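The values are calculated or read from the model by the stated rules, or taken from the named source; none is laboratory data. These numbers were taken from a predicted model, which means no experiment stands behind them. Methodologically, a virtual Cβ is constructed for each residue, glycine included, from the backbone with ideal geometry; neighbour enumeration extends over all protein chains shown. SASA here: full protein model, heavy atoms, side chains in, ligands and nucleic acids out. Shrake-Rupley method; radii C 1.70, N 1.55, O 1.52, S 1.80 Å.
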Amino acid sequence: QGGEFRRYPRVPVDLFGRVGDRTIRVRNASLYGVWVTGLDAMEAGAELLLRVSMSDGAEVNLSGRVVANRDGGLAVRARPVGDVDLVLWLHLILGALATSPLYADADPFGPLFR
């Protein structure tokens, strides 16, 4: 469906992580954001540090800012904290896009190099 396409494609994931002492689940991800469950509602603009565990045990640190509360979760604008976090995050997103029937042909870097 045309309405399913986003400027930055979001792919389904099921990753556990932590924000402070709270366990979270990341349900979908894009280059610039995540959908998180397991946290109480937070004001838009609230800042947080997410520590996301990848399926191979690696941990990615994301600096986040709450965008919205809805449907029992939080939409969080997120960016990797360090270089290693960036590489791991890109590996996750690009791998998920490559296997997605909806976004297999997506070029997430196109807007950056035009």
Checklist line | Net charge of neighbours whose Cβ lies under 13 Å from the Cβ of Val66, counting Lys and Arg as +1 and Asp and Glu as -1 | finding: 0
Next item on the list: With a probe of 1.4 Å, find how much accessible area region 41-98 has per residue, and write the answer as a whole number in Å².
Entry: 57
Check: Can you give the net charge of the other residues whose Cβ lies under 13 Å from the Cβ of Arg22, counting K and R as +1 and D and E as -1?
Finding: +1
Notebook entry, point to check: Excluding ligands and nucleic acids, what accessible area in Å² is computed for Leu86 using a 1.4 Å probe, to the nearest 10?
Noted result: 80
Next item on the list: Scan region 26-71 for GluC sites (Glu not before Pro) in coil per DSSP, keeping those whose Cβ has at most 16 other Cβ atoms within 10 Å, and list them by number.
Entry: Glu43
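Carbon and sulfur: what percent of region 11-60's accessible surface (1.4 Å probe)? Kindly include the intermediate steps, with their values, before the conclusion.
Numbers: 1290 of 2640 Å².
Answer for region 11-60 is 49 percent, counting heavy atoms of protein chains only.
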Note to self: Using DSSP to call loops (not H, G, I, E or B), can you name the chymotrypsin sites (Phe, Trp or Tyr not before Pro) in region 15-102 whose Cβ has at most 15 other Cβ atoms within 10 angstrom?
What the structure shows: Tyr32
Next item on the list: Quote the FRET efficiency, to the nearest 0.05, computed for Ala44 versus Ala98 with a Förster distance R0 of 35 Å and r equal to the Cβ-Cβ distance.
Entry: 0.60
